[in-house]
Ligand SMILES: C[S@@+](CC[C@H](N)C(=O)[O-])C[C@H]1O[C@@H](n2cnc3c(N)ncnc32)[C@H](O)[C@@H]1O
Ligand code: SF4
């Protein structure tokens, strides 16, 4: 039997009850209501993509992200899953995941999501310290987060949790305590993200005015190295820079499609996709504002406002920036056969000599020294 190309569908639900001061995603304040107009547009956009792209086969994954897609009712989620099944079909055991905020995640909600078809819930816990949660502008407590984990587990789905570390003034001792509390939840998958401060966010404004202290690069690097080592020791090695799983079956199959340069459709406001159209790998972006997105879908039959055929160099650059994030590395032979691209050997040799990269059996990997510098390494490799 030939191996199917992993293929995914991402659904962006942009509404949040509260906008967190660090968040740079395409988000809008949820002021109540079911947003059925947006849901209808998303369903039509799935159909529109189905009619226009070369789907490589049935879907391996469907991921509801945001924003806060756990604000959707189980019935709304079910309609999306049914439409995806009709338009693209699913492989035998697809991953159907939902990002969820702890404040809305009780047992009844989790049971509803599971019966709608969700089989993996990723909970945005961020911290199990109430003071840190307050600093991060979250509307849940550490106890709420623990209850949310329990509720998700009771629904029989796979459970993951997101944490943010490297907060201003966070000492190694504080993060050691934070990481241990996280690992004590005993989950099979975690995402540990260092706090990034983006311009345009509330934290970005504070940082610009000098009111938000940033840790030194050395301190950030030490926290990152500690996270990698300590989580691995607890049986949760990183399989991607920020993502840890107890075994391969627990890894995020959806995110692996991004990191392995696969094809996926992105629907909902401001969603990005990568798909083949008439055999060309194409970058697709939908209209970011919900009202515009609904209007574009109505007028065109899909929500895409940018549709760019990628050159072999662009495909290679994306494959490198994504693939180097993976512990498993990047298959240079496969990269060459799909894009015709050969890495400049001099650049590769120089970064290898400096101890940032290594190549064995044609698999290119980033060594610990280069983990925090992947974007720079890609530019130097392609220079
Ligand atoms: C798209 S968000 C959605 C999660 C969900 N709405 C929540 O807040 O619980 C996914 C994850 O990205 C991470 N994240 C968002 N902004 C971040 C930032 N500025 N720095 C580090 N991690 C961030 C958080 O851990 C968050 O759970
Ligand atoms: S972190 Fe989650 S809840 Fe907070 S604004 Fe971003 S998407 Fe919304």
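For the reader, a short list of remarks on this structure follows.
- Ranked for footprinting exposure by Cβ neighbours inside 10 Å, fewest first, 186, 162 give 186, 162.
- Projecting label points 7 angstrom from Cα along Cα→Cβ for residue 306 and residue 143 puts them 4.6 nm apart.
- If the segment from residue 216 to residue 382 were pulled out straight at 0.36 nm per residue, it would be longer than the present Cα-Cα gap by 56.9 nm.
- Within the chain, DSSP assigns beta bridges of which about 40% are antiparallel (rounded to the nearest 5).
- The relative contact order of the chain, computed from alpha carbon pairs under 8 Å that lie at least 6 residues apart in sequence, is 16 percent.
- Within the stretch 166-210, backbone nitrogen closer than 17 Å to the virtual label 7 Å beyond the Cα of residue 18 toward Cβ: 202-203
- Theoretical gain in end-to-end length, residue 86 to residue 365 [0.36 nm per residue, Cα-Cα removed]: 96.5 nm
- Taking every DSSP helix (H) stretch of at least 4 residues in the chain, weighting each as -39,500 (n - 2.57) and dividing the sum by the residue count yields a mean residue ellipticity at 222 nm of -12000 deg cm²/dmol.
- Radius, Kirkwood style, for the stretch 119-251 when every pair of distinct Cα atoms is counted (Å): 15.5 Å
- Each of 293, 28 was scored by other Cβ atoms within 10 Å of its Cβ. Listed from fewest to most, they are 28, 293.
- Cα pair distances of the chain binned at 10 Å [whole percent]: 5, 22, 32, 29, 12, 1
- Measuring nothing but how far apart in sequence close Cα pairs (under 8 Å, 6+ apart) lie, relative to its length, the stretch 313-382 scores a relative contact order of 38 percent.
- The gain in end-to-end length when the residue 174 to residue 193 segment is fully stretched comes to 5.3 nm, 0.36 nm per residue minus the alpha carbon separation.
- Rounded, prolate or oblate (a/c below 1.5 giving rounded, otherwise prolate when a/b exceeds b/c) for the stretch 313-382 by Cα gyration tensor: rounded
- Efficiency of FRET between residue 34 and residue 248 - r from beta-carbon atoms, R0 45 angstrom, step 0.05: 0.75
Since every read-out is calculated from the coordinates, none of them should be taken as a lab result. It should be emphasised that the depicted structure is a prediction, and the values quoted were computed from it without experimental measurement. Please note: Cβ atoms are built from the backbone with ideal geometry, for glycine as well, and neighbour counts cover all protein chains shown.
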